[in-house]
Amino acid sequence: MFLLMSHHAARAEAAALITRLQGMVQAVEARGSRSLAVGDPVNSGDRLRTGPGARLELRFADGMDLTLGEGAELVVESFAWAPAANRGKAELAVLTGAFLVESGRVGKLPDHPLLVKTPMASVGVRGTKFWGGSLGDPLNVLLLDGRIVVTSPKGAVDLNEPGAGTSIPVAGEAPTPPSFWGEDRIKRAFATVSFDK
């Protein structure tokens, strides 16, 4: 009985739960790695890695959904959500691979305390849905709903119209001015995070 209660308590306090996966997904730990399954909890500090052809979908405690494509690596640097106080903060680092984020309650808070970092730039989230990854450049970002600010060491770009995107064509450079992506490019982006039927 105690073990069962402890397991439920751990799940209740998790930053996120795995809601869907395809292929090999692992938690990377100091002692090695372990395979993950649907329903497993994900906590602040966890590092997740997807294998070839893999996909991973997470649902965070505030309702945020995050999908990773193949060959991706994510670190949940911090996540806190206090629904009674309507306060929270989240920082996610996507080290490699494509990702799709649909923000939850934390991303809609007035002080915008949700940040998604990549090696090329960070994305400040303003209650939104967006895709990030590489379509030939080191980083491409597409806004699907809401507003985001893409910031690199050399500058920032504000995306506030769905269908608009930006790129970082060279590591260390500023994001390009916003431009609308064509249907083919948007399909290519979605293909990187879509699950097989």
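Derivation of every value follows stated rules applied to the coordinates shown; laboratory data play no part. None of the values given here were measured: they were computed from a predicted structure. Methodologically, a virtual Cβ is constructed for each residue, glycine included, from the backbone with ideal geometry; neighbour enumeration extends over all protein chains shown.
If R₀ is 45 angstrom, what is the calculated FRET efficiency for the pair residue 173 and residue 78, using the beta carbon separation as r and rounding to 0.05? Computed FRET efficiency for residue 173 and residue 78 comes out at 0.95. Across all directions, the average projected area of the convex hull around the alpha carbons of the chain is 12.2 nm². Of the trypsin sites (Lys or Arg not before Pro) found in segment 31-114, those that fall in a DSSP loop while having at most 16 other beta-carbon atoms within 10 Å are 31. Within a Cβ distance under 11 Å of residue 179, other residues only, what is the Lys/Arg minus Asp/Glu net charge? Once all neighbours under 11 Å are counted, the net charge is 0.
Working note: Karplus 6.51/-1.76/1.60 with θ = phi - 60° gives segment 112-122 the couplings 6, x, 10, 10, 10, 9, 10, x, 8, 6, 10 Hz, where Gly and Pro are set to x.
Dividing the convex hull volume of the alpha carbon atoms of segment 110-197 by its residue count gives 101 Å³ per residue. Pairs of Cα atoms nearer than 8 Å and 6+ residues apart set the relative contact order; for segment 44-197 it is 16 percent.
Estimated from the Cβ-Cβ distance and a Förster radius of 22 angstrom, the FRET efficiency linking residue 122 and residue 194 is about 0.30.
Using the Cβ-Cβ distance between residue 89 and residue 184 with R0 set to 41 Å, the FRET efficiency from 1/(1 + (r/R0)^6) comes to roughly 0.65. Over the residues of the chain, the helix contribution to mean residue ellipticity at 222 nm works out to -3000 deg cm²/dmol, using -39500 (n - 2.57) for each DSSP H run of at least 4.
In degrees from 0 to 90, rounded to the nearest 10, what is the angle of the helix 2-13 Cα long axis to the longest principal axis of the chain? The helix 2-13 is inclined about 20 degrees to the chain.
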